[in-house]
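Read the structure below first, then the notes.
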Amino acid sequence: MFIKGVGMTKFGIQEDTTSHMVYEAALESLNDADMSMNDIDAIVLSNMDILSNGERQRHSASQISSLFQKSLPIITVPAGCAGGGTALWTAVKFQKSGNFNNILVVGFDKIVSNISKRVTDEMLMGTERIYEQTEGMNFPAENALVAQQYMLKHGATPDDLALVAYKNHKNAFLNPKARFYRKKVSLEEIKNSPVVASPLRLFDCSIPVNGASSLILSKDNSDVEIAGSAEETDCLAPFEREDMTSWEATRLAAGEAYRQAGIAPNDIDIAEIHDAFTSVELISYEDLGFCKNGEGKEMIRKGVTNIDGKLPVNTSGGLKAKGHPISATGVSQVYEIVKQMRNEAGERQIGNVKYGLAQNIGGAGSTVSVHVLRKVS
């Protein structure tokens, strides 16, 4: 299976309707693939149904059918913050099992400016068990507890977390579609930002934005192939697992994606990692097999994952600085890797990319998709 075209809106605080954002992203991917909607056989969507995107519209499939004035199979795949990656994984399975040559995959959400505090609270509580919610446990607090355990176990420090944020903000500075495009953030600003939930500071947390992203999955040959596609789901709460500082869903999904692609972790040239919190990026270095357990801090300290390092990670700016529009995130990761493989990444372009990896996470390691992309020579 191949990626024929990719598209995405700018991630930010724009007031566009969800239909407008979906249309913009989809049109870019269609133009990129030199296709029209008449060439699309099915659509797989993902969005946060609980939000209704501030538009009181929860029937997303029919909404998209109306948008394109086309009747065809459309399915919606909600999976929290892992929605985009899970939609792509679903499309891969869908394509293998059906008579669909070209599938449009779209992730979208509008979560800034028009969402009430009640709904925001529901979203922040939405990854925890009921008995955690009664104690006031929200998503930043849950990840802070994981980060505390990780730091105690492996000797990482708040300065290591700050380096992750600093790296990703420097990358977003170069990305015209990132929320923090051309916005400089210093390491001192990051280290001195307000504490959200210790040890996580404001700049350790991803930024909510509005946005949409899309891609066209095709059986026809193209310049980028999906060499591996895997998804795994684990317990909702990290404390229910054997080790909350290493996420089995990532390890299993990555292992399966590598197996399908016939490669090892050291074959990856670029990665887009789900840095919902800076601590998650460090944990993911290890779970994706880029280093041994406890060595993630060494990768960031030595600059291995910098844009000019041996394994550039989050050249887009990541969720941290490109922005995190929930369901659009996973597909936008693939957008970045495809652009890098085609040498279309502009100022943030790295060297030759043969293999790229996109990791999309829902919850604190609860649902994880991993996709390995291969550049077709």
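Just so it is clear, none of the values below were taken in a lab; they were calculated from the coordinates. Keep in mind the model is a prediction, meaning the values are calculated, not measured. As a convention, Cβ positions derive from the backbone with ideal geometry for all residues, glycine included, and neighbour counts pool all protein chains shown.
Structure above, values below:
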item: Relative contact order (%) - region 1-42, alpha-carbon pairs under 8 angstrom, separation at least six; result: 49 percent
item: Cα gyration tensor shape of region 301-345, rounded if a/c is under 1.5, else prolate or oblate by comparing a/b with b/c; result: oblate
item: Environment charge of I350, counting only residues whose C-beta is closer than 15 Å and scoring Lys/Arg +1, Asp/Glu -1; result: +2
item: Residue-averaged [θ]222 nm for the chain, counting only DSSP H segments that reach four residues, each worth -39500 (n - 2.57); result: -10500 deg cm²/dmol
item: GluC sites (Glu not before Pro) restricted to DSSP loop in region 283-344 with at most 10 other C-beta within 10 Å; result: none
item: Sum of side-chain charges, V338 neighbourhood, beta-carbon under 14 Å (Lys, Arg +1; Asp, Glu -1); result: 0
item: Normalised contact order of region 169-248, rounded percent, pairs of Cα under 8 Å and 6 or more residues apart; result: 12 percent
item: Average Cα contact separation per residue, the chain, under 8 Å, 6 or more apart, as relative contact order %; result: 27 percent
item: Neighbourhood charge, 15 Å Cβ-Cβ cut-off, centred on V376 and excluding it, Lys, Arg +1 and Asp, Glu -1; result: +2
item: Taking S71, S327 and counting other C-beta atoms within 10 Å, the order from fewest to most; result: S71, S327
item: For the chain, size of Cβ-based charge dipole, Lys and Arg +1, Asp and Glu -1, in debye; result: 680 debye
item: Spin-label model distance (nm) - S377 vs Q69, 7 Å beyond Cα toward Cβ; result: 4.7 nm
item: Computed FRET value (nearest 0.05) for T157 with S97, which takes r as the C-beta separation and R₀ as 45 Å; result: 0.40
item: Anisotropy class of region 243-372 from Cα gyration tensor, a/c 1.5 cut; result: rounded
